[in-house]
Amino acid sequence: MNTLINISFVAINISLILASDPVPEQIHLSLGGNPSEMMVTYTTFKKADRSIVRYNRLGGPAFDVNADVTHFKDMKDDTMKYEAYIHRVKLTGLQAGVTYEYKCQTDDNWSDVFKFKALGNDSDTPLSVAVYGDLGLENGVSTPQLKKDVKKGLYDTIFHVGDIAYNLNKDGGKVGDDFMNEIQDIAANVPYQVCPGNHEDKRNFTHYINRFSMIDFKSQRMHNHYYSLDLGSAHFIFFSSELYFWSDYFTDHHLKWQYEWLENDLKDANKPENRQKRPWIITLAHRPMYCIKDNDEDCFEHESILRKGRSGDDLKLVTHYGLEDLFYRYGVDIQFYGHKHMYERSYPIYDSKAYKGTDVYTNPKAPIHIITGVGGTTDRPSLKKELPDWTAFYARDYGYTRMNVQNKTHILIEQYSTENYRCKADNIWSNVFSFKVHNPDTPLKVAIYGDLGLKNGVSTRQLIKDVEKGLYDTVFHIGDIAYNLNSDGGSVGDDFMNSIQPIAANVPYQVCPGNHEKKRNFTHYMNRFSMVDFATQRLNNHYYSVDMGSAHFVLFSSEHYFYPQFFTESHIKWQYEWLENDLKQANKPESRQKRPWIITLAHRPM
Ligand SMILES: [Fe+2]
Ligand SMILES: [Fe+2]
């Protein structure tokens, strides 16, 4: 009985919405002029007398903001191909980290309620992003998983780097409408940032330009072709690769304007105070600079128009406004692209030279290029047999990239496959890797002590537990080791070294000599340990220095001053001169800037 009543209510509600009513749909968010502003964009097909967004903090009072409405007409030779009203509402003064709910009203019609979390301006807050290109309505493979992710609150924002819907204008715009409604559960709940792809080209990108609302943080202007954002510890630059390829629409002037805008933006991002606050510079566009050679217009051999530039209408003449030099000069860290329907991560690369080897993503010598063009399309590439030498990882599974800008020194990037084959049971395989760049100020945790023996080695047990928990990067034992290494014919030394094995076999155990190591000219101490000086690469257990984290550690021998039978004035002089040299080096401006801390360690106090 109840069920019947409910059904009849639904029927009545539907009948109240007349065909001539403006009903808000295709609701999506993008960032306003800063992280505390959110732009809500939505569409109606009828003109509304009243259009508002009503929003509130959870449990707080509600506010109404009026929409700016533009009448979007897509005309082809005097024929109307598509017509809609695009409503834009900017919500301002949002508080970082606070969840807001909102709904859109056009005349008497309300949308569902959506929720978003306002982002902040704090450069120390981690940022979680999904990045992908080439996601369509048909075979939009990643969409269901992205919806689940967004529901779980996995992302602060989403970047769709071109080729949207395939195509926004198709079937008189219906494909665009259906796509924007399909992704509403994603884009109405987190800011959905875009840049243009080649599939947005029709009638001078008119659907792309009219349907989205990308705002440049610096100029506060809406500019869907290119704009930049500051989020977390990163500066993100979205630009248009398409300016280089559609000479019907874009002249050399357009290229110049974007190039100059890019250079200005990069200059600003590189000002010491800005780069310190946001050390990461990340660019996003549709067509890649480097891709597996297929000799089409945008990627042939080792050249590409985006890398080297174009001149006039001839797409093959690569002469100016090339972007590779510009991005290299201003220290861009990562470049994201789509367009090629695959996932590909490069080694750091500049001018076709790839920097390969171990640990190349720590302080990389050149930008890293990532192509994430497998959002979901009807056309997929065959598996390439030959990979170019700059490719570090390649996959053709549908999916998307998750990027976690963790802090000023670490970014974690994972490629998420939505496919079954080659996957673990939970449908995830991850191509995880992280970058560390810009400064060595990775925190360093050290345990320091002297005077630890075998008998009554009170701290040993706790140190073992600490090391098991991974509390230390290294341990410094500053003399008087075992009491004594040589006692009982050396068996005290052996037993001590075995007792600390759970510590010293798991973290570097750095030592310097104490008075209890003196027997027979420190012979047990000298023979049992292996301390290497970083600068000379020589083994020297008496004195040596190491660079770790943001510190320069100098370990030396106080014992030189106390045992004339072993150490002459020459020995003291040699150590003194070595110390002075080492300190001079550590004090060079470039060294001191990199490692401002100088810490000495020895056994006997001053
Ligand atoms: Fe594509
Ligand atoms: Fe494309």
Check: Leaving out same-chain residues fewer than 8 places away, which aspartates and glutamates sit with a Cα under 12 Å from that of Lys90?
Finding: Glu37, Asp64, Asp68
Checklist line | Helix 569-587 axis, angle to the chain major axis (alpha carbon atoms, nearest 10°) | finding: 10 degrees
Notebook entry, point to check: Just from the alpha-carbon atoms, what are the Rg and Dmax of the range 22-121 in angstroms?
Noted result: 14.7, 52
Next item on the list: Go through 171-179, 148-156, 132-140, 69-77 and give me the packing order, highest mean Cβ count within 10 Å leading.
Entry: 132-140, 171-179, 148-156, 69-77
Item checked: Kirkwood Rh, angstrom, the range 110-252 [1 / mean 1/r, Cα pairs] -> 16.0 Å
Next item on the list: For Lys73, go through the aspartates and glutamates and keep the ones whose alpha-carbon is under 13 Å away, minus same-chain ones fewer than eight residues off.
Entry: Glu83
Notebook entry, point to check: For the range 391-403, what does the Karplus curve 6.51 cos²θ - 1.76 cosθ + 1.60, with θ = phi - 60°, yield as ³J(HN,Hα) per residue in whole Hz, taken in order and with x for Gly and Pro?
Noted result: 7, 8, 7, 9, 8, 10, 4, 5, x, 8, 9, 10, 10
Check: So what is log10(I(q)/I(0)) for the range 122-436 at q = 0.10, 0.14 1/Å, when the Debye sum runs over its Cα atoms only?
Finding: -0.51, -1.10
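For the chain, report the accessible area per residue in Å² (1.4 Å probe, heavy atoms, rounded to an integer).
On the way: 27960 Å² over 606 residues.
That works out to 46 Å² per residue.
To one decimal place, what Kirkwood hydrodynamic radius in Å is obtained for the range 554-606 from all pairs of distinct Cα atoms?
Working: mean 1/r = 0.0811 Å⁻¹.
For the range 554-606, inverting the mean 1/r across all distinct Cα pairs yields 12.3 Å.
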Check: Using heavy-atom solvent-accessible surface (probe 1.4 Å) with all chains present, what is the largest-first order of Thr568, Thr43, Thr378?
Finding: Thr378, Thr568, Thr43
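Could you tell me whether the range 322-366 comes out rounded, prolate or oblate from its Cα gyration tensor? Rule is a ≥ b ≥ c as square roots of the eigenvalues, rounded for a/c under 1.5, then prolate if a/b exceeds b/c, otherwise oblate.
Oblate is the answer for the range 322-366, as a/c is 1.5 or above yet b/c matches or exceeds a/b.
Which value, to two decimals, describes the C-alpha radius of gyration of the range 446-601 once divided by 2.2 N^0.38 Å? Show your work: numbers first, answer last.
Numbers: Rg = 16.1 Å, N = 156, 2.2 N^0.38 = 15.0 Å.
Relative to the 2.2 N^0.38 Å estimate, the range 446-601 comes out at 1.07.
Can you order the peptides 28-35, 114-121 by their average number of other Cβ atoms within 10 Å per residue, highest first?
Details: 28-35: 22.4, 114-121: 18.9.
For the peptides 28-35, 114-121, the packing ranking is 28-35, 114-121.
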Item checked: For the chain, convex hull of alpha carbons as volume per residue, Å³ -> 223 Å³
Check: If the cut-off is 12 Å between C-alpha atoms, which aspartates and glutamates fall inside it for Lys455, apart from same-chain ones fewer than 8 positions away?
Finding: Asp495
Notebook entry, point to check: Given 37 °C and 0.692 mPa s, how large is the Stokes-Einstein diffusion coefficient of the range 491-564 in µm²/s, with Rh as the Kirkwood radius over Cα pairs?
Noted result: 243 µm²/s
Notebook entry, point to check: Helix 519-528 versus the longest principal axis of the chain: what is the Cα-based angle in degrees, 0 to 90, to the nearest 10?
Noted result: 30 degrees
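Can you tell me which of 583-589, 322-328 comes out highest on packing, and rank the rest after it, using the mean Cβ neighbours within 10 Å? Please report the intermediate quantities before stating the final value.
Numbers: 583-589: 12.3, 322-328: 19.1.
Most protected by this proxy first, the peptides run 322-328, 583-589.
Once you keep just the Cα pairs under 8 angstrom separated by 6 or more residues, what percentage relative contact order results for the range 77-168? Before the final figure, lay out each step's value.
Numbers: 90 pairs, mean separation 22.6, N = 92.
Relative contact order, the range 77-168: 25 percent.
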Next item on the list: On the protein heavy atoms, probe 1.4 angstrom, tell me the percent of accessible surface of the chain carried by carbon and sulfur.
Entry: 50 percent
Next item on the list: Could you pull the accessible area for Phe63 with a 1.4 Å probe, rounded to 10 Å²?
Entry: 110 Å²
Notebook entry, point to check: Roughly what angle does helix 202-211 make with the longest principal axis of the chain, taking Cα atoms, 0 to 90 degrees, to the nearest 10?
Noted result: 80 degrees
Note to self: Exceeding 20 Å between C-alpha atoms, which entries from my cross-link table qualify? They are Lys46/Lys148; Lys117/Lys151; Lys271/Lys408; Lys115/Lys148; Lys267/Lys594; Lys47/Lys117.
What the structure shows: Lys46/Lys148; Lys267/Lys594; Lys47/Lys117
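The values are calculated or read from the model by the stated rules, or taken from the named source; none is laboratory data. All values reported here derive from a predicted model rather than from experimental measurement. Ideal geometry is used to build each Cβ from the backbone, glycine not excepted, and the neighbour counts take in all protein chains shown. Just so you know, the surface numbers come from the protein's heavy atoms only, side chains and all, with ligands and any DNA or RNA stripped out. Shrake-Rupley method; radii C 1.70, N 1.55, O 1.52, S 1.80 Å.
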